[in-house]
Amino acid sequence: MSEIKLNLVDADQTLVGTVHGSIVDRCVAALSAEPETIAELEAALARYDKAVDQVGAFKSFRVRTEIDIEPWDAGVIVIDLDMRIVAAESSYSQPQPEGEVRYHDGTESTDVSVLYRVPEDWKFFNSLIEYESTRLRCGKEHTRHNPLDARDVLYGRALLGFIATNVRQTSVCREREDYDNLICTRNPKSPANEEVVTSQQILGSEDGPAREDDPIHEAIAAIHGRWLMTPRDDLRGQSPRDVLLARREFIDFDLHTRALQWSLLGEGPPCLAEQTFAYRFAGFGTHECVVYYDLVRHLLWSALTCQRFSSGDLSPQISTPMLTDASCNSDGIDAEIAWLEKIKTNWLENPQPDYDGRTPANIIENERRRLPLALSNREMIVDEDCYTCVMMANDPNMGPAFWHLDGSHMDDDFAFSDFLTREEWEAENRRREEFNQEFNRRWQDRQQRIARGEKVDDEFSLDWVDSLNRDRLDTGPPFDDDGSADLIQ
């Protein structure tokens with residue numbers, strides 16, 4: 001009892017055939033690639049079932065006008081890509097929205113188990129009657145095929161116009177006066193309601209932009225936060241932040257499973273094709289969220305610098321390549337948007353030091369295609385004088401490592417966090433504060449005992465962390481100095 005009748009349904013056709021039950025399980029796992037058509041499902045199946053020819057996994061299936069609910073051997077299953085429903089009556093297995101399947105190498109099933117997770121809008125029924133009633137009830141009212149291309153808004157004229165307008169209106173640009181080649185800006189926190197800010201602070205330096213408590217940084221963070229938090233009609237009532245976080249966990253998990261599969265099999269798993277629905281309307285994972293944060297900050301600093309330069313606030317000897325475009329001095333908002341478009345394109349399409357020389361557009365592209373950013377053995381060497389590092393780099397059996405962005409350099413504010421609600425963010429801050437207080441108390445007590453000559457453990461114990469909900473606290477290894485990336489293997 002191992003064969004099952006499988007019904008595949010998309011918006012254009014219905015295919016029916018009989019296959020081994022394990023193939024059905026891998027078809028369910030392939031839904032993690034968000035296929036919209038049977039052809040996309042067949043391509044996604046290669047994640048878990050290596051293709052050995054060009055004929056296809058469904059070569060024996062027949063076109064039908066209706067689903068066939070007559071059971072065969074172990075039962076019958078329907079995978080409806082149009083309605084996003086899996087309905088099963090099977091004695092072989094019961095499909096689940098999350099689990100693992102054995103990888104098939106084209107010849108036989110292997111011992112390698114590959115994790116999967118299906119998008120949360122899929123429904124799983126244990127009855128074909130329940131499926132048919134749902135299909136009849138929804139019918140033409142089903143409006144899922146009206147996708148939102150949020151990137152047109154988040155990267156397009158809406159963003160650039162918002163930046164240009166808000167930078168012009170910010171008090172950092174309005175309340176100023178020249179003072180011996182320095183820029184004076186209002187700062188309500190200073191005793192004299194005024195602070196002198198050098199042009200180098202505005203332009204940034206090799207050590208980064210102005211400090212976080214600087215009024216210019218605060219103004220930029222405020223504009224950035226307002227952009228992220230404001231609901232928009234062109235995003236169907238959602239804010240940019242809502243869109244960025246809506247699919248983040250799902251995309252991250254899918255990339256994680258692809259990296260694990262790569263490590264176990266020694267070869268990269270198939271990627272999403274550019275013409276697929278999942279690629280064209282992809283959600284945002286952590287990598288793109290971090291890159292987007294950095295892009296918006298870069299545009300805001302560029303726009304602010306442009307405003308000050310065109311107003312004559314910067315001393316003549318200070319200049320950067322971005323200030324040479326004459327359109328920067330134009331009073332027209334359209335010219336300013338066009339200028340920002342050039343700044344955006346230049347930043348996205350060129351290698352950036354903060355990403356170890358990687359190109360932001362390529363980082364985004366790889367995430368949309370669900371391709372982990374692998375490192376070669378040579379790239380994993382942290383110290384050329386480290387014998388272990390060199391030995392690992394020269395080991396041909398050493399598996400790949402993967403490069404990640406973590407966003408630890410982002411401003412510590414709810415708007416820039418990955419929490420869906422402010423309540424969750426505030427609760428996590430309280431937990432972190434409790435941890436810090438308890439850590440400091442125990443550390444000081446330990447130091448006092450050492451000063452008194454009392455014996456203490458060689459290592460500072462963190463066993464007590466369990467009592468403070470260890471799985472929710474950030475107790476992992478410290479980030480790199482720049483806080484921008486870490487490596488896992």
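Looking for something out of contact with any helix residue (DSSP H, G or I) (no Cβ under 8 Å at 6 or more places or on another chain), in a helix (DSSP H, G or I), closer than 27 Å to Pro269 by Cα and open to solvent by 50 Å² or more (accessible area, probe 1.4 Å) - is there at least one such residue anywhere in the range 368-387? Don't jump to the end; show me each part of the working.
Our first condition is that a residue be out of contact with any helix residue (DSSP H, G or I) (no Cβ under 8 Å at 6 or more places or on another chain); within the range 368-387, this holds for 375-376, 379, 385-387.
Checking which are in a helix (DSSP H, G or I) leaves us with 379, 387.
In the following step, the residues that additionally are closer than 27 Å to Pro269 by Cα were identified as 379.
Next, only the ones that are open to solvent by 50 Å² or more (accessible area, probe 1.4 Å) stay: 379.
Yes: one or more hits.
Residue under question is Pro400, and the condition is that it be in contact (Cβ under 8 Å) with a residue 60 or more places away in the chain, farther than 20 Å from Val291 by Cβ and open to solvent by less than 30 Å² (accessible area, probe 1.4 Å); does it hold? Break it down into steps so the answer makes sense when it comes.
Working: in contact (Cβ under 8 Å) with a residue 60 or more places away in the chain: yes; farther than 20 Å from Val291 by Cβ: yes; open to solvent by less than 30 Å² (accessible area, probe 1.4 Å): yes.
Judged against the criteria, Pro400 is a match.
Just to be sure before I move on: is Ile67 over 23 Å from Pro147 (Cα atoms), among the hydrophobic types (A, V, I, L, M, F, W, C) and surrounded by 18 or more Cβ atoms within 10 Å (Cβ to Cβ) in the structure I sent?
Working: over 23 Å from Pro147 (Cα atoms): yes; among the hydrophobic types (A, V, I, L, M, F, W, C): yes; surrounded by 18 or more Cβ atoms within 10 Å (Cβ to Cβ): yes.
Answer is yes for this residue.
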- Query: Within the range 4-29, can you find the residues that are among the aliphatic types (A, V, I, L, M) and in contact (Cβ under 8 Å) with a residue 60 or more places away in the chain?
  - Reply: Ile4, Leu6, Leu8, Val9, Ala11, Val24, Val28, Ala29
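Looking at Arg232, Arg248, Arg241, which is the one that is modelled with pLDDT of 95 or more, open to solvent by 50 Å² or more (accessible area, probe 1.4 Å), out of contact with any His (no Cβ under 7 Å at 6 or more places or on another chain) and not hydroxyl-bearing (Ser, Thr, Tyr)?
Values: Arg248 fails: open to solvent by 50 Å² or more (accessible area, probe 1.4 Å); Arg241 fails: open to solvent by 50 Å² or more (accessible area, probe 1.4 Å).
Exactly one of Arg232, Arg248, Arg241 is modelled with pLDDT of 95 or more, open to solvent by 50 Å² or more (accessible area, probe 1.4 Å), out of contact with any His (no Cβ under 7 Å at 6 or more places or on another chain) and not hydroxyl-bearing (Ser, Thr, Tyr), namely Arg232.
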- Item | Residue count for the range 226-241, restricted to those that are more than 19 Å from Ile364 (Cβ to Cβ) and in a helix (DSSP H, G or I) | 4
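Return yes when Glu89 is open to solvent by 60 Å² or more (accessible area, probe 1.4 Å) and either farther than 30 Å from Glu267 by Cα or in contact with a Ser or Thr (Cβ under 9 Å, 6 or more places away or on another chain) (or both) and no when it is not. So that I can check it myself, show each step before the final result.
Details: open to solvent by 60 Å² or more (accessible area, probe 1.4 Å): yes; either farther than 30 Å from Glu267 by Cα or in contact with a Ser or Thr (Cβ under 9 Å, 6 or more places away or on another chain) (or both): yes.
Criteria met by Glu89.
Residues being touching a strand residue (DSSP E or B) at 6+ places or on another chain (Cβ under 8 Å) and more than 20 Å from Asp10 (Cα to Cα): count how many of those fall in the range 107-125. So that I can check it myself, show each step before the final result.
Here is the first cut: in the range 107-125, the ones touching a strand residue (DSSP E or B) at 6+ places or on another chain (Cβ under 8 Å) are 109-118, 122-125.
Remaining after also requiring more than 20 Å from Asp10 (Cα to Cα): 109-117.
The total comes to 9.
I'm trying to understand the selection: among the residues of the range 224-244, which are farther than 17 Å from Asp149 by Cβ, among the basic types (Lys, Arg) and more than 18 Å from the chain's Cα centre (by Cα)? If you could, list the steps in order and put the result at the bottom.
Filtering the range 224-244 down to residues farther than 17 Å from Asp149 by Cβ leaves 224-231, 241.
Filter once more, so that each one left must be among the basic types (Lys, Arg): 226, 241.
The one that is farther than 17 Å from Asp149 by Cβ, among the basic types (Lys, Arg) and more than 18 Å from the chain's Cα centre (by Cα): Arg226.
Identify, from the list Glu459, Glu454, the residue that is over 29 Å from Asp354 (Cα atoms), assigned to a loop (DSSP other than H, G, I, E, B) and at pLDDT below 85.
Values: Glu454 fails: at pLDDT below 85.
Exactly one residue qualifies, and that residue is Glu459.
Is it true that Val153 is in contact (Cβ under 8 Å) with a residue 24 or more places away in the chain, part of a strand (DSSP E or B) and either over 23 Å from the mean Cα position of the chain (by Cα) or surrounded by 15 or more Cβ atoms within 10 Å (Cβ to Cβ) (or both)? So that I can check it myself, show each step before the final result.
Values: in contact (Cβ under 8 Å) with a residue 24 or more places away in the chain: yes; part of a strand (DSSP E or B): no; either over 23 Å from the mean Cα position of the chain (by Cα) or surrounded by 15 or more Cβ atoms within 10 Å (Cβ to Cβ) (or both): yes.
Answer is no for this residue.
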- Counting just the residues of the range 103-118 that are at pLDDT below 95, in a loop (DSSP other than H, G, I, E, B) and not hydroxyl-bearing (Ser, Thr, Tyr), which one comes out least open to solvent (accessible area, probe 1.4 Å)? Gly106
- Task: List every residue pair whose Cβ atoms lie under 6 Å apart, where the two residues are 6 or more positions apart in sequence or sit on different chains, the first residue falls within the range 363-380 and is within 16 Å of Phe277 (Cα to Cα), and the second residue, located anywhere, is assigned to a helix (DSSP H, G or I) and of a type in the set (Ser, Thr, Tyr).
- Result: Arg368/Tyr279
- Task: Evaluate the range 87-95: report whether one residue or more is among the acidic types (Asp, Glu), farther than 25 Å from Gln261 by Cα and modelled with pLDDT under 90.
- Result: no
- Message: If I filter the range 9-57 down to residues being in contact with a Gly (Cβ under 8 Å, 6 or more places away or on another chain) and not acidic (Asp, Glu), which single residue comes out as most open to solvent (accessible area, probe 1.4 Å)?
- Response: Val52
- Please state which of the following conditions Ile85 fails to meet, knowing it meets all the rest: (1) more than 26 Å from Ala246 (Cα to Cα); (2) touching a Lys or Arg at 6+ places or on another chain (Cβ under 9 Å). (1)
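Determine whether Ala361 is outside any loop (DSSP other than H, G, I, E, B), open to solvent by less than 70 Å² (accessible area, probe 1.4 Å) and either touching a Gly at 6+ places or on another chain (Cβ under 7 Å) or farther than 21 Å from Gly268 by Cα (or both).
On the way: outside any loop (DSSP other than H, G, I, E, B): yes; open to solvent by less than 70 Å² (accessible area, probe 1.4 Å): yes; either touching a Gly at 6+ places or on another chain (Cβ under 7 Å) or farther than 21 Å from Gly268 by Cα (or both): no.
So Ala361 does not fit the description; no.
The values are calculated or read from the model by the stated rules, or taken from the named source; none is laboratory data. These numbers come from a predicted model, not from an experiment. Ideal geometry is used to build each Cβ from the backbone, glycine not excepted, and the neighbour counts take in all protein chains shown. Quick note on the areas: whole protein, heavy atoms, side chains included, nothing else; ligands and nucleic acids left out. Shrake-Rupley method; radii C 1.70, N 1.55, O 1.52, S 1.80 Å.
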